[in-house]
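The values are calculated or read from the model by the stated rules, or taken from the named source; none is laboratory data. Computed from a prediction, not measured in an experiment: that's the story for all the values here. Surface accessibility is based on the protein's heavy atoms, side chains included, excluding ligands, DNA and RNA. Shrake-Rupley method; radii C 1.70, N 1.55, O 1.52, S 1.80 Å.
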Amino acid sequence: MRSTKRTRALIIVAVATVAGVVAGTQAFGVVGGHRFASGPGQARYGHLPNTLSNHSISNCPAAGQTAQVQLTQGTTVLASASVLSDAKGKWAVALSIPSNLKPGKYAVTATCSGGGTATLSYNPQNFKVIPPFCPAGSTPTTVQCRQRPTTTTTVP
């Protein structure tokens, strides 16, 4: 009887551990796919960087494959860059982005291909353009902007 309780307890711990690993990887967007890094992840409208830096975390399957990175919104490709992977399948490329991106969410996608056929697709990354602060006297309903945070001073 005592060993049955111990076995049951070990099974519960094992299931909880597996569930924690799965939940943790899903929280970080790592759901069984290939990963790359893209940064920065956001910028303020009117102060966009000239480029997004991208590099592989998961390597291309073979050396000399074309790694292509795209900035998209929906099905529209707004920018694209490509580079050949090195002898280990690693790659890094800067993606020039349009300076007139409107506030909103964009996707950064990456693939590896050989001979024109995609052999590996990476989990997409997000790039967000946040609205500027509202000019004095305006509200977010009249201008696409965000309110400045208000600070209050508490006197003890």
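Here are some notes:
- Per residue, in Å², the accessible surface of the range 76-127 once ligands and nucleic acids are set aside, probe 1.4 Å: 54
- Counting 0.36 nm for each residue step from Ile57 to Thr119 and taking away their Cα separation leaves a gain of 20.7 nm.
- Gain in span if fully extended, Ser80 to Ala107, counting 0.36 nm per residue against the direct Cα distance: 8.5 nm
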